[in-house]
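The values are calculated or read from the model by the stated rules, or taken from the named source; none is laboratory data. Small disclaimer: the values here were computed from a predicted structure and weren't measured. Note that we place each Cβ from the backbone using ideal geometry, even for glycine, and neighbour counts take in every protein chain shown. We work out accessible area using only protein heavy atoms, side chains counted, and drop any ligands, DNA or RNA first. Shrake-Rupley method; radii C 1.70, N 1.55, O 1.52, S 1.80 Å.
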Amino acid sequence: MEKLIQGVGNSGDLPRAVVAAVVRDEVAETRKRLEGGEAPESREAVIERVRRALARLERSALRSVINGTGVALHTNLGRAPLGREVAGAVAAVATGYSNLEIDLETGERGPRAPLVDRLVSVITGAESACVVNNCAAAVVLVLRCLCGGARQEVIISRGELVEIGGGFRVPEIIETSGATLREVGTTNKTTLTDYERALSPRTAAILRVHRSNFYQEGFTESPELADLAVLARRAGVPLVEDLGSGAMVDTAALAALEHEPTVAESLRGGCDLVCVSGDKLFGGPQAGIITGDKAWVCKVRRDPFFRVLRCDKLMLAALQETALAYLRADRTVLDPVPVLALLSTEVAVLRGRAEKMAGELGPRVRVGEGTARCGGGTMPRSALPSVTLDIDCQDIPEAEMARRLRLGEPPVVGYVENGRVKVDLRTVFPEQDETLVAALRAALR
Ligand SMILES: *Cc1c(COP(=O)(O)O)cnc(C)c1O
């Protein structure tokens, strides 16, 4: 064992204890193979396997990368980046003590960051708001809370039983909450009457789910929100919407994007509770934001499960600062909320940066055209014009060039198209340009 650890050599930054644990795992694996009747491996082969396992582990260390995919809310790349001021506020709370749960006047225990709830209410025009770990948690919590006694059914259109991605499947989420699924309508058409017929003393809620990463066209129908709200109100049943993306501003006014429904619109349209993500179009940290009717939000906050799903102080600090940015801004929310800034950058600006960088990199890098997307399961129809750096891979396979970039310092995640590796500048921050040039230069060597 000791010899093996020495044989592997101290290749990277992993602590010795971690190297030892990996060696132990691989030795156990070797033993299992031998017992399974496989031919014995050479010592070198085992060492090579350990080295590969260590390299894989080391690469997986969470770190910052350059996003050249053109997808602004890339779930695999951490969704919304935080602005500098927001990150500063997080750091200030993170490195010391905070008034997380203390009323500074009385010195007694107080609620957790009540300002966050108030700011979110003001931005969305909601009566009340609270926040939890993420939007999936928000939906489960809300449904759990609304079910009680004989009321266990959640009515939902078959057209909204979708998978959002990352394991978020609406039917499974509903079942996780303990509610019973009451499907109505068909995949493409659901009418108000379908909902009406399903109402009964067993109904706990009507749930609407924003289809997010998926859209329907053609022979389709679904009731207007306002009509559904009237129906729900008449039946005395809460209307809940899982809106997901959490647009707080009009995306159509921001850039050449479709209009993404906002929380305020859903609430005005008659929803009793609306759930959205904190790290999609809101542009904040991972969180689930629940807004709506005061009595329902109070009930949600008092649910024992709320405690299970609560946000930590770092999330709350980031949410507070992001929300403040929206309310302080007179149309300058773009600076403190980077994802909105990226989406609204003019193509001419991107082209100027691309030309400068391509000039520095020489003939193997050309300025190309790209199609950026919002991502995060939002606005799948909206393709934003963008500008790319296109790398001529010469005799290197494109996939290999893309891999080199990903393994570079810092990692650059681009994509392959038409025999070239492309890096979309819409999702690269201007202050990363120099670093990007250096990373591309290294990959081209
Ligand atoms: C993204 C999304 C979710 C999941 O949000 P998380 O914050 O990742 O849990 C849920 N519902 C809808 C409609 C979404 O778009």
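Details
- Arg328 versus Arg16: modelled label distance in nm, points set 7 Å from Cα along the beta carbon direction: 4.8 nm
- Area accessible to solvent at Thr435, 1.4 Å probe radius, in Å²: 60 Å²
- Förster radius 30 Å - calculated FRET efficiency between Asp312 and Ala61 (Cβ-Cβ, nearest 0.05): 0.90
- Using a cutoff of 8 angstrom between alpha carbon atoms and counting only pairs six or more residues apart, the relative contact order for the chain works out to 20 percent.
- At R0 = 25 Å, FRET efficiency that the Cβ-Cβ distance of Glu101 and Lys294 yields, to 0.05: 0.70
- Surface share of carbon and sulfur [accessible, 1.4 angstrom probe, percent] for the stretch 268-381: 52 percent
- Heavy-atom SASA rank of Tyr415, Tyr215, Tyr326, Tyr97 (probe 1.4 Å, accessible area, largest first): Tyr97, Tyr215, Tyr415, Tyr326
- The candidates Leu309, Leu327, Leu405, arranged from most to least accessible area with a 1.4 Å probe in the full protein assembly, appear as Leu327, Leu309, Leu405.
- For Asp279, the accessible area of its heavy atoms, probed at 1.4 Å with every protein chain present, is near 20 square angstrom.
- C-alpha center-to-center spacing [the stretch 150-166, the stretch 210-255] in angstrom: 13 Å
- Beta bridges per DSSP, both residues in the stretch 209-363: antiparallel share near 45 percent.
- Relative intensity, log₁₀ I(q)/I(0), of the stretch 371-445 from a Debye sum that treats every alpha carbon as a point, q = 0.17 Å⁻¹: -0.67
- Spin-label model, Glu48 to Arg151: label points 7 Å out along the Cα-to-beta-carbon direction sit 6.5 nm apart.
- Given charges at Cβ of Lys, Arg, Asp, Glu: the chain dipole, positive-most of Ala137, Gly165, Gln216: Ala137
- Relative contact order of the stretch 101-165, defined on C-alpha pairs under 8 angstrom at six or more residues apart (%): 14 percent
- Three-way shape call for the stretch 144-221 based on the alpha-carbon gyration tensor, with the a/c threshold at 1.5: oblate
- Directionally averaged projected area (convex hull, Cα atoms, the stretch 21-140), nm²: 14.8 nm²
- Residue-span extension gain [Glu400 to Gln6] - 0.36 nm each, minus C-alpha spacing: 138.7 nm
- Once the Cα atoms are used to define both axes, helix 16-35 deviates from the longest principal axis of the chain by about 80 degrees.
- Rg(Cα) / (2.2 N^0.38 Å) computed for the stretch 154-291, rounded to two decimals: 1.03
- For Leu100, the accessible surface of its heavy atoms amounts to roughly 40 Å² (probe 1.4 Å, protein chains only, rounded to the nearest 10).
- Protein accessible area in the stretch 163-209, 1.4 Å probe - carbon and sulfur %: 46 percent
- Accessible area per residue for the chain is 49 Å², calculated with a 1.4 Å probe on protein heavy atoms, without ligands, DNA or RNA.
- Sorting Lys313, Lys422 on solvent-accessible area from highest to lowest, probe radius 1.4 Å, gives Lys313, Lys422.
- Residues considered: Glu163, Glu431, Glu29. Largest GNM mean-square fluctuation over the chain, using C-alpha springs under 10 Å, is found at Glu29.
- Relative contact order [Cα under 8 Å, 6+ residues apart], the stretch 74-217, whole percent: 20 percent
- Of Arg109, Arg426, Arg208, the one that fluctuates the most in a GNM where the chain has Cα springs shorter than 10 Å: Arg109
- Residue-wise HN-Hα couplings along the stretch 202-208, as the Karplus relation 6.51 cos²θ - 1.76 cosθ + 1.60 with θ = phi - 60° gives them from phi, are 8, 6, 9, 6, 9, 10, 10 Hz; Gly and Pro carry x.
- Förster radius 25 Å - calculated FRET efficiency between Glu217 and Thr186, Cβ distance, rounded to 0.05: 0.95
- Between helix 433-444 and the chain there is an angle of about 50 degrees, using the helix long axis and the longest principal axis of the Cα atoms.
- In this Cβ point-charge picture (+1 for Lys and Arg, -1 for Asp and Glu), the chain has a dipole of about 740 debye about its Cα centre.
- If the segment from Ala92 to Val27 were pulled out straight at 0.36 nm per residue, it would be longer than the present Cα-Cα gap by 18.9 nm.
- Highest-MSF residue in the chain out of Gly270, Gly236, Gly125 [GNM, Cα springs under 10 Å]: Gly236
- In a DSSP loop and with at most 10 other Cβ atoms within 10 Å, the trypsin sites (Lys or Arg not before Pro) in the stretch 324-365 are Arg331.
- For the stretch 20-60, the set of trypsin sites (Lys or Arg not before Pro) satisfying both a DSSP loop assignment and a count of at most 16 other C-beta atoms within 10 Å is empty.
- Dimensions of the chain along the principal axes, based on C-alpha atoms and rounded to the nearest Å, stand at 72, 60, 58, largest first.
- Cα-projected label distance for Arg268 with Glu38, points at 7 Å along beta-carbon direction, nm: 6.3 nm
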